[in-house]
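**Q** The structure that follows is given in the form of structure tokens.
The values are calculated or read from the model by the stated rules, or taken from the named source; none is laboratory data. From a predicted model like this one, the values you see are computed outputs, not experimental measurements. Please note: Cβ atoms are built from the backbone with ideal geometry, for glycine as well, and neighbour counts cover all protein chains shown.
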Amino acid sequence: MRKSFTRVLNTFISITVITAISAGLQGCKNEVKEVSKTAVDSQEKTLKIDVLSMLANYAGEQSGWFGKVVKDKFNIELNIIAPNLQGGDSKYASMMAAGNLGDIVIFGNDDQKYIDAIKSGLLLDWTKDGLLDKYGQDILRNYPKAVEKNETNFGSGKSVFGLGHEIANMPPASPSEGNTMIYGSDLRWDIYEKVGSPRMKSMEDLLPVLKKMQEVNPKSDSGRPTYGFSMWADWDNNMMMAAKQFACMQGYDELGFLLVHANQEKYQDILDPKGYYLRTLKLYYDANKMGLVDPDSIAQKFDDYGNKLMDGQILFDWFPWLDGAYNTPERVAEGKGMAFVPFSDESVYSYGFTSYGGNRVIAIGSKAKEPDRVMKFIDWLYTPEGIMTANYGPKGLAWDMRDGKPVVTDFGKAALPTNDVTVTEQFGGGSFKEGVNQMNFTTVKLTSINPDFNEPYDYNLWQSSLNSNPTKLDESWRNAMGAQTQKEYLLKNNMIAVSTALSISTDTPGSSLQQKQNQISAVIKEYSWKMVFANSDSEFTSLQKEMIGKAKSLGYEDVVKFYIGQAQKQFEARKNAK
């Protein structure tokens, strides 16, 4: 069975409830009510279904504890199809051409692929034969706005072809993260302390700090060289992913070739000479001249980065939720680990809570063998029981209830989030890591309140977890920063930009414009990587000029104009949402 570091994508999040929004959370804690429990009909035959997930990092039969739960409860066996591992877009295209996308289809975005699948008749309309009314009552009762969004944006106001991810009936103006954000400037805290904990005013101030850290800690735990930055290309889309991450620490996120602010009516195109994208490329170029950039970055993939992070080769990380790769219980007990270190002008992007659901979509294929049973299963994934089980395992394994409150079991302390800890046959056997839900789709935001026990779904937010003894790393960081968590620090210092939840979806460009966009993005990615590893200042400047010239000759301004229209559409929707 393939073991991939990529499985940490949604599981290395270490989070804490912040007092600043606890009142709002409590006010919403009873909004969601589970209205039905699905039980296996002993007369039903075993149903084997194909799950095409564009987010999956595993292909094959779902085994282990999650496979056992689904088999026991629904008499369903899951076969995961992962284009990421099985030919990429060509795999999806071949399934489209064959007219069958499987029983469950999970889209990484509600963009053209989703729209094309609807237009081609390859997705089932959930309103057909009362499918949603009969077998999706939990969804209808608890998340009507998410259903309405899909119906309005993709079903001409009458059809429903899927449902979004990370839905939450919570205060929309509040940061949706837990004790760590999605983005942040995280450093090896113990090494940062060794070099005197220097303050940083801007992102450029990272470089001398990282150089000092590298000098005092030139080797990883296994003796390999350390680097300030290590990058990977397999997350690149319209641009070089790593080159937009500092924009996300300034309140912006990408929209086509734009960087759009979370809650202000402003944007910048990525080729703006004064913008964050080109500024970040210059930062990496300067870092590479100092020996701070991993030379493997151009060729390696996310798994390679993850392995290096686990080994201690990486001194800086853009994603706090990945810190757990290095921050093992043994290391943090010694005071070693990754932790948030801000630069003073930081303003971290937060996606906020949304009752409309995010842009990832779960759907049912039009050729589904028994759509009623598939709908029952999807509906369960949006219930408290389904959410807890799909993310943390069945009750009694890694977590349980004690005096009416959730607790992590002794097994869970060793197994969570995705560790190779042996599971008894009673719960499916194998290891806990091998048994995780391989669909890689989060139905409901885990920082929202579980009405079954009036605490967040995420086990790191439970009072029983928060009241446990802090590690040596925690104590050191808290004493230095004057806060319990990254999120608390950012809230205290007004350093979070919360995005407004919107019911609209972004339009996709027409085929001609999309072709231009694809050609331009290929140029931008190619030259961005070349610029980072340029051999001289003059070469860097020449490459940047050439990149901008080629992009504009291919119609860059036409594509930017389209996305400016989309940004304006968002700005208008924000006004109406207030």
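**Q** So which helices (runs of 4 or more DSSP H) are wholly in region 481-578 and hold at least 2 residues that are farther than 30 Å from ALA146 by Cβ and free of Cβ contacts under 8 Å to residues at least 40 places away in the same chain?
**A** Passing ranges, in order: 511-532, 537-553, 556-577.
**Q** Only one of THR418, THR389, THR443, THR447 is in contact with a Pro (Cβ under 6 Å, 6 or more places away or on another chain) and closer than 28 Å to ASN142 by Cβ; which?
**A** Exactly one residue qualifies, and that residue is THR447.
**Q** Inspect region 211-225 for any residue being more than 21 Å from ASP303 (Cα to Cα) and buried (at least 19 other Cβ atoms within 10 Å of the Cβ) and give the result as yes or no.
**A** Among the residues of region 211-225, at least one is more than 21 Å from ASP303 (Cα to Cα) and buried (at least 19 other Cβ atoms within 10 Å of the Cβ), which makes the answer yes.
**Q** Could you give me the residue pairs with C-beta distances under 9 Å whose first residue belongs to region 67-80 and is under 19 Å from VAL423 (Cβ atoms) and surrounded by fewer than 22 Cβ atoms within 10 Å (Cβ to Cβ), whose second residue is at pLDDT 95 or above and basic (Lys, Arg) wherever it lies, and which are 6+ apart or on separate chains?
**A** Close Cβ pairs satisfying both conditions: GLU77/LYS48; GLU77/LYS71.
**Q** Among the residues of region 260-291, how many are closer than 22 Å to MET231 by Cβ and either part of a helix (DSSP H, G or I) or at pLDDT below 95 (or both)?
**A** 14
**Q** So, one more: Does GLN112 meet the test of being farther than 30 Å from ALA339 by Cα, at pLDDT below 95 and assigned by TED's automatic domain parsing to the domain that holds PRO451?
**A** For GLN112, the condition - farther than 30 Å from ALA339 by Cα, at pLDDT below 95 and assigned by TED's automatic domain parsing to the domain that holds PRO451 - is met.
**Q** Which members of region 453-480 meet the condition of being surrounded by fewer than 18 Cβ atoms within 10 Å (Cβ to Cβ) and either in a loop (DSSP other than H, G, I, E, B) or at positive phi (or both)?
**A** Those that are surrounded by fewer than 18 Cβ atoms within 10 Å (Cβ to Cβ) and either in a loop (DSSP other than H, G, I, E, B) or at positive phi (or both): PHE453, ASN454, ASN467, SER468, ASN469, PRO470.
**Q** Can you tell me which residue is surrounded by the most Cβ atoms within 10 Å (Cβ to Cβ) among those in region 359-412 that are without any contact (Cβ under 8 Å) to a residue 60 or more places away in the chain and in a helix (DSSP H, G or I)?
**A** Out of the qualifying residues, it is GLY386.
**Q** While we're on this one: Among the residues in region 106-120, are any among the polar types (S, T, N, Q) and in contact with a Lys or Arg (Cβ under 7 Å, 6 or more places away or on another chain)?
**A** There is at least one residue in region 106-120 that is among the polar types (S, T, N, Q) and in contact with a Lys or Arg (Cβ under 7 Å, 6 or more places away or on another chain).
**Q** On to the next question. Would you pick out the residues in region 285-318 that are surrounded by 21 or more Cβ atoms within 10 Å (Cβ to Cβ), farther than 19 Å from LYS211 by Cβ and among the hydrophobic types (A, V, I, L, M, F, W, C)?
**A** LEU309
**Q** Moving to a separate point now. Take region 165-206 and flag every residue that is under 20 Å from TYR277 (Cα atoms), surrounded by fewer than 19 Cβ atoms within 10 Å (Cβ to Cβ), modelled with pLDDT of 95 or more and not small (Gly, Ala, Ser).
**A** LYS201, GLU204, ASP205
**Q** Do we find that ARG360 is over 28 Å from LYS487 (Cα atoms), charged (D, E, K, R) and in contact with a strand residue (DSSP E or B) (Cβ under 7 Å, 6 or more places away or on another chain) in this structure?
**A** No: the conditions fail for ARG360.
**Q** A further question follows. Take ASP537 and tell me if it is surrounded by fewer than 16 Cβ atoms within 10 Å (Cβ to Cβ), in contact with a helix residue (DSSP H, G or I) (Cβ under 8 Å, 6 or more places away or on another chain) and farther than 28 Å from ILE387 by Cβ.
**A** The answer is no for ASP537.
**Q** With respect to the numbered conditions (1) at pLDDT 95 or above; (2) in a helix (DSSP H, G or I), which one is the sole condition not fulfilled by ASP303?
**A** It fails just one condition, (1).
**Q** Filter region 495-508 down to the residues that are modelled with pLDDT of 95 or more and out of contact with any Pro (no Cβ under 6 Å at 6 or more places or on another chain), then identify the one that is surrounded by the most Cβ atoms within 10 Å (Cβ to Cβ).
**A** ALA497
**Q** Same structure, new question: Testing VAL51 on (1) surrounded by 13 or more Cβ atoms within 10 Å (Cβ to Cβ); (2) at pLDDT 50 or above; (3) not in a strand (DSSP E or B), one condition comes back false. Which one is that?
**A** Only one criterion in (1) surrounded by 13 or more Cβ atoms within 10 Å (Cβ to Cβ); (2) at pLDDT 50 or above; (3) not in a strand (DSSP E or B) is unmet by VAL51, namely (3).
**Q** Also, I was wondering about something else. Among the residues of region 68-90, count how many are under 23 Å from the mean Cα position of the chain (by Cα) and in a helix (DSSP H, G or I).
**A** Count: 1.
**Q** Please verify whether region 427-450 includes one or more residues that are free of Cβ contacts under 8 Å to residues at least 24 places away in the same chain, in contact with a Lys or Arg (Cβ under 9 Å, 6 or more places away or on another chain) and of a type in the set (Gly, Ala, Ser).
**A** The answer is no; no qualifying residue exists.
**Q** For region 156-174, check the following and say yes or no: at least one residue is polar (S, T, N, Q), assigned to a helix (DSSP H, G or I) and either closer than 26 Å to GLY510 by Cα or free of Cβ contacts under 8 Å to residues at least 40 places away in the same chain (or both).
**A** no
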